[in-house]
Amino acid sequence: MGPDQEKNFLDSIVDSVIAVDKDGKIREVNQTTLKLLGYKRKEEIIELAFEKICNNFSVSSLKDKLPLAEQELIYLNKEGKKISVSVNITNRISYPHDIIFMARDISKIKGLIDELTHSQEELKTSYIELKVSKDDLVRSEKLAYTGRIAVSIAHEIRNPLTNVSMSVQQLKKGNKIKQEGFKHIDIVERNIGRINYLITELLNCARPAKLDLKPYDIHKILKDVLESNKAKINLQKIKVTENFNSNSSILKIDKEQIERAFLNLITNAIEAMPRGGNLTIITELSGKFFLVKIHDTGKGIPEKDIIKIFDLFFSTKSGGVGLGLSICYGIIVSHGGTIEVESKSRKGSTFTVSLPTEQSFTHRERVGGRKNKNAGVN
Ligand SMILES: Nc1ncnc2c1ncn2[C@@H]1O[C@H](COP(=O)(O)OP(=O)(O)OP(=O)(O)O)[C@@H](O)[C@H]1O
Ligand SMILES: [Mg+2]
């Protein structure tokens, strides 16, 4: 094919064709290339360094690698706008030192793919949000329902229990009981105490007490809770790290209740590490929320249990009542906060409590919720 024939042939190709010489300079282009890159005449582009139109692409890097198919490159048009192209790169038969770039504009396809990927991500996020909302809805429905039942059962138990307690007192006052009998009365009294405790806990859980909000230092609460657990922490050889990053730790909270919530979380963390480990407490501000992360390196929570741990009476511990987290959940939610858990079996758990730094929550009884994140991958 003579040079003129070759030119005609090149111009008839619907893809962009650029021939580049061994020095990286553009030797020949076809009409499609001019259209693609926004040039009017071939003279404007011939002799330009290929790197100028192909975003820093070095022709010398192609040595011994040709031919290359479907390389994704970025061309720059006359105004410097980026155009995504898919390029086949070969040697030019008529001039063996030249390289031919045959490119197809894929910016539209790329745009569509980007849009699709974006939509897919949005869908995924919406799905997760929907699932979390559904879990929260099921949870609050379940809590409301079990709460109503619990309250009526608790009342029904409390009345006969008061009678039993009064009768025991009377028995103790009389002098008909022998030494052996007092032992049994002690047992009865202890058990009455236990049942009373459980009923009180259950009632607290079903109807969290009205909040008595006052400014209080969360860091002080955390330090106090750690101090009250010092003996257990030392006995179990647990290393405690306080990573308090936020300077403004004064929040308007119900001190007694928040202390109770953190006591439950820290107690659980300690109980998860009977043979030692690390307990790390991190605080930080995140937007309008004050975060407290309680991280342990304990036994973790299996995936199948994650959904149940906030349920009333769910416990995997011998002697555990299974009210700690339900109480904690009620307290945090009534403060307008949320509680999230991330856990891996045998690796440990992190409970993250977010409390609002602004007091809008005082008008709402329940605005928060629980979220389980990446829970329990075994
Ligand atoms: N940090 C943790 N690591 C591992 N498992 C945990 C942790 N926190 C909670 N759990 C799991 O969640 C369950 C429920 O916890 P929750 O505090 O409600 O009850 P409990 O600790 O069993 O009893 P209690 O009513 O005395 O607190 C626990 O039995 C345990 O299986
Ligand atoms: Mg507990």
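The values are calculated or read from the model by the stated rules, or taken from the named source; none is laboratory data. Note that the coordinates shown come from a computational prediction; the quantities given were computed from them, not determined experimentally. Don't worry about glycine lacking a Cβ; one is built from the backbone with ideal geometry, like all the others, and counts go over all protein chains shown.
In contact with a Gly (Cβ under 6 Å, 6 or more places away or on another chain), within 16 Å of ligand 2 (Cβ to nearest atom), among the small types (Gly, Ala, Ser) and in the same structural domain as His219 (by TED's automatic domain parsing) - does that describe any residue in segment 246-263?
Step one: filter segment 246-263 for residues in contact with a Gly (Cβ under 6 Å, 6 or more places away or on another chain), giving none.
Scanning segment 246-263, I find no residue that is in contact with a Gly (Cβ under 6 Å, 6 or more places away or on another chain), within 16 Å of ligand 2 (Cβ to nearest atom), among the small types (Gly, Ala, Ser) and in the same structural domain as His219 (by TED's automatic domain parsing), so the answer is no.
Quick one: how many residues across segment 280-304 are surrounded by fewer than 16 Cβ atoms within 10 Å (Cβ to Cβ) and touching a residue at least 60 places away in the same chain (Cβ under 8 Å)? Even if it seems obvious, please write down each step before you answer.
We begin by selecting, within segment 280-304, every residue surrounded by fewer than 16 Cβ atoms within 10 Å (Cβ to Cβ); these are 284-288, 304.
Next, from what is left, pick out any that are touching a residue at least 60 places away in the same chain (Cβ under 8 Å): 285-286, 288, 304.
Total satisfying the criteria: 4.
Among the residues of segment 86-101, write down those that are among the aromatic types (Phe, Trp, Tyr) and at pLDDT 90 or above.
We begin by selecting, within segment 86-101, every residue among the aromatic types (Phe, Trp, Tyr); these are 95, 101.
Result: Phe101, single match.
Among the residues of segment 110-134, write down those that are of a type outside the set (Lys, Arg) and either under 26 Å from Glu72 (Cα atoms) or touching a helix residue (DSSP H, G or I) at 6+ places or on another chain (Cβ under 8 Å) (or both). Steps first, please.
The first filter runs over segment 110-134 and keeps only residues of a type outside the set (Lys, Arg), leaving 111-123, 125-130, 132-133.
Passing the criteria: Gly111, Leu112, Ile113, Asp114, Glu115, Leu116, Thr117, His118, Ser119, Gln120, Glu121.
Do the conditions hold for Gly330, that is, is it assigned by TED's automatic domain parsing to the domain that holds Ile238 and within 16 Å of ligand 2 (Cβ to nearest atom)?
Here the answer is yes, as Gly330 does meet what is asked.
Looking at Lys110 and the list (1) surrounded by 15 or more Cβ atoms within 10 Å (Cβ to Cβ); (2) in contact (Cβ under 8 Å) with a residue 60 or more places away in the chain; (3) among the charged types (D, E, K, R), which single condition is not satisfied?
For Lys110, the exception is condition (2).
Tell me which residues, restricted to segment 78-107, are closer than 18 Å to Val14 by Cβ and in a loop (DSSP other than H, G, I, E, B).
The one that is closer than 18 Å to Val14 by Cβ and in a loop (DSSP other than H, G, I, E, B): Ile106.
Determine which single condition Ala69 fails, assuming it passes every other condition in (1) in a helix (DSSP H, G or I); (2) under 43 Å from the mean Cα position of the chain (by Cα).
(1)
Looking for whichever is more than 15 Å from ligand 2 (Cβ to nearest atom), among the aliphatic types (A, V, I, L, M) and in contact (Cβ under 8 Å) with a residue 60 or more places away in the chain here; the options are Leu312, Leu355. Which one fits?
Details: Leu312 fails: more than 15 Å from ligand 2 (Cβ to nearest atom).
The conditions single out Leu355.
From the list Glu303, Glu242, Glu271, which one is within 13 Å of ligand 1 (Cβ to nearest atom) and over 29 Å from Ile195 (Cα atoms)?
Details: Glu242 fails: within 13 Å of ligand 1 (Cβ to nearest atom); Glu271 fails: over 29 Å from Ile195 (Cα atoms).
After applying the criteria, what remains is Glu303.
Return yes or no: is Leu265 closer than 24 Å to Ala231 by Cβ and under 21 Å from the mean Cα position of the chain (by Cα)? Please lay out each step first, then the result.
Working: closer than 24 Å to Ala231 by Cβ: yes; under 21 Å from the mean Cα position of the chain (by Cα): yes.
Yes; evaluated as a whole, the condition is true for this residue.
Can you pull out every residue in segment 245-268 that is within 13 Å of ligand 1 (Cβ to nearest atom) and in contact with a His (Cβ under 6 Å, 6 or more places away or on another chain)?
Within segment 245-268, the first condition is being within 13 Å of ligand 1 (Cβ to nearest atom), and the residues that meet it are 260-268.
Scanning segment 245-268 gives no hits.
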